[in-house]
Amino acid sequence: MASSQSPAAPRRRYRRRLGWWTVLVAAVALTAAGCGGASPPPSSAPSSLPKTTLTACTVDGMTARCGNVWVPQDWAHPDGPAMPLRVVVLPATATNHPAAPLFYLAGWNGDDAGFGDAVLNGMTWAVQAFAQLNQTMDLVFVEQRGTAGSGLETCPGLQQSAPTVDPAAISAAARRCLASASRDPRHDTTAAAVRDLDQVRQALGYDMINIYGPSYGVTLGLAYLQRYSSHVRTAVLDSGSLLSVPLWQLGAVHDQQVFDQMASRCAATPACARSYHPAADLGRHEPRDGQPAGPVAVHPHRHRSGRAAARPVLRLAT
């Protein structure tokens, strides 16, 4: 199940200096033995799913090899319905390349591609950043389940464009979304994606692999190390958090901590303290010169696609 069509080009280029990343790869590589967790070992039973055949393709102007790797929709029932994951490989350029491949684990760069789509989220940047490694290593990119090339699931009714947020309408749209899903969304998890990733490793015939992951790619990388550390040669994890940290749930708490620190520093700096009183100002209910008396509605910014981004409306107290 292979395709020679080129997927859409990444919507946003990563703009970072490549020399810095060369140092990062050399200095931050972690041995898998030091990163493995205590999770139960994976099953040693061979997969009944077919191997994959890659064919020549062009992705964003780059010559590559593309194909689909089939994985179970529900890993609790490995012999049940299967789904394809799109995989893109940039083979090592040297004649002999004994080094283990590098798997790029994507984060999210703020566009419609979503989390985990390694082809649309960072492939172009990674190819440039890891050009030297690509001389001896295959570069492997997987579109994680639920993203553009691997069983994309969308819920148009949840794209809120109204100036106000109606909780009842959101709940109703969520129920309609779940009812219309082509498969059970409870199976589109990081735990499932980890098993998918190892299925890709096996299907491509690799034993040991290197992994690099930024942002959400750190989460996927840590989860993969917990389960399959025996197949990881090195791991570079950039700008993420531990699996035990509920990152999104702590966002509001961290925001408050940042503001409190800023207010304290302002109060301790004479020039700032004479002009601003951030902590006191937020507690005032009377309008200041040129400010409205009531809450200010801040509407979501418009996405490049022309629709409003899926962000809640903010109401700032003045």
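Checked against (1) under 16 Å from Phe141 (Cβ atoms); (2) over 21 Å from the mean Cα position of the chain (by Cα); (3) among the β-branched types (Val, Ile, Thr), Val89 meets all criteria but (2).
Only a single criterion out of (1) small (Gly, Ala, Ser); (2) in contact (Cβ under 8 Å) with a residue 24 or more places away in the chain; (3) farther than 24 Å from Ala76 by Cα is not satisfied by Ser229, namely (3). Listed here are the strands (runs of 3 or more DSSP E) enclosed by region 52-148 that have at least 1 residues being hydrophobic (A, V, I, L, M, F, W, C), closer than 23 Å to Arg183 by Cα and touching a helix residue (DSSP H, G or I) at 6+ places or on another chain (Cβ under 9 Å): 62-72, 82-90, 139-142.
If the requirement is being part of a helix (DSSP H, G or I), surrounded by 16 or more Cβ atoms within 10 Å (Cβ to Cβ) and among the aromatic types (Phe, Trp, Tyr), which of these qualifies: Tyr228, Tyr212? Spell out the reasoning first.
Details: Tyr212 fails: part of a helix (DSSP H, G or I).
Just a single option satisfies the conditions, and that option is Tyr228.
With within 15 Å of Leu242 (Cβ to Cβ), among the hydrophobic types (A, V, I, L, M, F, W, C), in contact (Cβ under 8 Å) with a residue 40 or more places away in the chain and in a helix (DSSP H, G or I) as the only criterion, which of Leu197, Leu220 stands out?
Details: Leu197 fails: within 15 Å of Leu242 (Cβ to Cβ).
Going through Leu197, Leu220 in turn, just one is within 15 Å of Leu242 (Cβ to Cβ), among the hydrophobic types (A, V, I, L, M, F, W, C), in contact (Cβ under 8 Å) with a residue 40 or more places away in the chain and in a helix (DSSP H, G or I): Leu220.
Bear in mind that the values in this text are calculations on the coordinates, not laboratory data. Predicted, not measured: the structure shown is a model, and the values here were computed from it. Because the Cβ atoms are built from the backbone with ideal geometry, glycine has one as well, and the counts that use them run over all protein chains shown.
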